[in-house]
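First the structure, in the form of structure tokens, and then the observations on it.
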Amino acid sequence: MSGAMNGAESLVRTLLAGGVEVCFTNPGTSEMHFVAALDKVPGMRCVLGLFEGVVTGAADGYYRMLARPASTLLHLGPGLANGLANLHNAKKANSGIVNIVGEHATYHIAHDAPLTSDIEGVAQPMSHWVKTSPSSRTIAADGALAIAVARQRPGQIATLILPADTAWNPADGIAETAPSPARPLVGEAAVAAAAAMLRAGEPATLLLGGDALSQRCLELAGKIAAKTGCGLLSEGANSRLERGRGRVQVGRIPYVVDKALAVLRQAGNLVLVGAREPVAFFAYPGKPSRLMAEASRSCKLADLNEDIEAALEALAQALGAGHLTPAGLAPERRPAFPTGSITPAAIASILGAMLPEHAIVVDESVSTGREFFPETAGAPPHDWLNNRGGSIGYGLPVAIGAAIACPERKVIALEGDGSAMYTLQALWTMAREALDITVLILANGSYNILRGELANVGVNNPGPRAVDMLSLRRPDLDWVSLARGMGVEAARASDCDQLIKALSAGLRSQGPYLIEVSI
Ligand SMILES: Cc1ncc(C[n+]2csc(CCOP(=O)(O)OP(=O)(O)O)c2C)c(N)n1
């Protein structure tokens, strides 16, 4: 392959050869040759998002399910800027993304045209790696580098900036991506220190994150718990947690600081497995930032870049736990259907009663979903995805990526109405791609969590203007119309019976279905 192909085509072919098979895009003039190349080269699935936050969030969701990067295609600095919040979330979720951003032709930049900006400067804080490719003959090699960076474990955000003339000028061919190196094994000393902490006779807990939350790793953690009596805990938000019937249950550190402090006081010493010492989401007057009890110690068994499964195996072996039945296996349990008005507890029971086998739950339920875990613990095996970056508007886009990654699985997006408004354009992509996603809009008509936060920061008698800034009323959002306007079938549920009926319809449907859940 040489001579005839241009830089854009050499990049698309390089992406495909490097295992990047999906491109989430919102292009502009500077990316037209890349768009044309997408047409010319078979094999790349192209998905249009009508806002860049949908594009970057979808790439995050795709990686979470497959541990394989997708690419984006964004329009210059402003397009990238629109996508940054979900790029931030993806970075915090350790998702790998080949983030491609168009740029003016190299000779055009000096003229300071309307869309000219410092793209590298915009990209840097939300990327692990940034490079502007200098010519059409380097773009394939730089693309291969970007893929190699994005494929590292944990995943990395590799932002490749593509000046328009590097796309349209001739290229030399495609470049091969270097194979990903094996993950380093943890040292014997780390295993010995973890074993000593668990054997010390003081309360201790495995704090699990990243790959430690896979079914296999949780099984090993459960064996260790069976042997030592240690607790099992995960961070407050996880990229992907495998849970449900027959899997080892693991709690999450609560969001509310006082609750988190209580949980961590009980947890005692922490063995960190793909997780860091926990910190509060925010500082509050008079409350600590670090959540671990003062008297507790931590030791690190494995970092996210290390072979976590092998580390847990080695620890189980060192403790003589390998043959044991794991502690904390979730028994099968389907809660009874509730009746009457819709409360957070009723939603939890309905989810627990109806979650289908292998569902992927994308959780952006914010304050409504704080107690969803106990009632769903015994549902058929499923995955649970959280927002690790805290920038709301992650859920609907991540649901798109997850649905494209796993077309045989049902995706259920649990969305606060405030959060969903940030990236509601995602509904249109769901309809266009006929994605199997059921969206529950938890319509409480407010930024409910922030009402609590006012009190938490010490504002005790908020006035009407402050309260009004946390309300989504005047006018009320009509989610059924919003969904239908973007081609998504929708229903409204105002009591439990209606919610059960609407959720059955959503679960039966093969395409997107939205339920406005009036709380
Ligand atoms: C990008 C971004 N902007 C603002 C916030 C602050 N914020 C956190 S939660 C929240 C409201 C969430 O509302 P909703 O999704 O309806 O959930 P609820 O609080 O009602 O449960 C806001 C505005 C944020 N986290 N991220």
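Hey, fewest Cβ within 10 Å first, where do L315, L304 land in order?
Details: L315 29, L304 19.
With the sparsest Cβ surroundings first, the list reads L304, L315.
Can you compute the helix-only [θ] at 222 nm over the chain? Use -39500 (n - 2.57) per DSSP H run of at least 4 residues, normalise by all residues, nearest 500 deg cm²/dmol. Don't skip to the answer; put the middle values down first.
Details: 20 runs with 195 residues, N = 519.
Theoretical 222 nm ellipticity from helices: -11000 deg cm²/dmol.
What is the percent of Cα-Cα separations in the stretch 193-313 that go past 16 Å? Could the numbers behind the result be given before it?
Working: 4179 of 7260 pairs.
Counting every Cα pair in the stretch 193-313, those more than 16 Å apart make up 58 percent.
Compare the Cα positions of V362, G251, G173 along the charge dipole of the chain (+1 at Cβ of Lys, Arg; -1 at Cβ of Asp, Glu; about the Cα centre) and return the one farthest towards the positive end.
G251
Given the peptides 240-246, 420-426, 500-506, arrange them by the average over their residues of other C-beta atoms within 10 Å, most packed first.
Peptide ranking by packing, descending: 420-426, 240-246, 500-506.
What is the projected area of the convex hull of the Cα atoms of the stretch 371-434, averaged over all directions, in nm²?
Values: hull surface 20.3 nm².
About 5.1 nm², averaged over all directions.
Using only C-alpha positions, report the orientation-averaged shadow area of the convex hull of the chain, nm², one decimal. Can you show the working numbers first?
Values: hull surface 101.7 nm².
Computed as one quarter of the Cα hull surface, the answer is 25.4 nm².
Compare the peptides 490-498, 82-90 by average per-residue count of other Cβ atoms within 10 angstrom and give them in order, highest first. Walk me through the numbers on the way to the answer.
Working: 490-498: 17.6, 82-90: 26.0.
Packing proxy ranking, top to bottom: 82-90, 490-498.
Can you compute the charge dipole magnitude of the chain about its Cα centre, using +1 on each Lys and Arg Cβ and -1 on each Asp and Glu Cβ, nothing else charged? Give it in debye, rounded to the nearest 20.
Details: 43 positive and 48 negative charges, 235 e Å.
In debye, rounded to 20, the chain gives about 1120.
Divide, for the stretch 19-134, the radius of gyration over alpha carbons by 2.2 N^0.38 Å, where N is the residue count.
Values: Rg = 13.6 Å, N = 116, 2.2 N^0.38 = 13.4 Å.
Output field value: 1.02.
What chymotrypsin sites (Phe, Trp or Tyr not before Pro) in the stretch 217-298 are in a loop by DSSP, with at most 15 other Cβ atoms within 10 Å of the Cβ? Please report the intermediate quantities before stating the final value.
Numbers: sites: Y255, F281, F282; in loops: Y255, F281, F282.
For chymotrypsin sites (Phe, Trp or Tyr not before Pro) across the stretch 217-298 that sit outside H, G, I, E and B with at most 15 neighbouring Cβ atoms in 10 Å, the list reads F281, F282.
Alpha carbons only, please: Rg and Dmax for the stretch 152-250, in angstrom.
Answer for the stretch 152-250, Rg first and Dmax second: 21.0, 68 Å.
Take every DSSP beta bridge whose two residues both sit in the chain, then give the antiparallel share in percent to the nearest 5.
Numbers: 8 of 72 bridges.
DSSP beta bridges in the chain are roughly 10 percent antiparallel.
Hey, how much of the P(r) for the stretch 80-147 falls beyond 14 Å, as a percent of Cα pairs?
62
In whole Å and largest first, what semi-axes does the C-alpha gyration tensor of the stretch 23-91 yield when each eigenvalue is scaled by 5 and square-rooted?
Numbers: eigenvalues 74, 53, 12 Å².
That gives 19, 16, 8 Å for the three semi-axes.
With θ set to phi - 60° and the Karplus curve 6.51 cos²θ - 1.76 cosθ + 1.60, what are the ³J(HN,Hα) couplings of the stretch 222-239 in order, to the nearest whole Hz, using x for Gly and Pro?
Result, rounded to whole Hz: x, 5, 5, 5, 4, 7, 9, x, 6, x, 10, 9, 10, 5, x, 10, 10, 4.
Read-outs throughout are calculated quantities, based only on the coordinates presented, and are distinct from any laboratory measurement. This structure is a prediction, so every number in the text was calculated from the model and none was measured. Every residue, glycine as well, gets a Cβ built from its backbone with ideal geometry; the counts of neighbours run over all protein chains shown.
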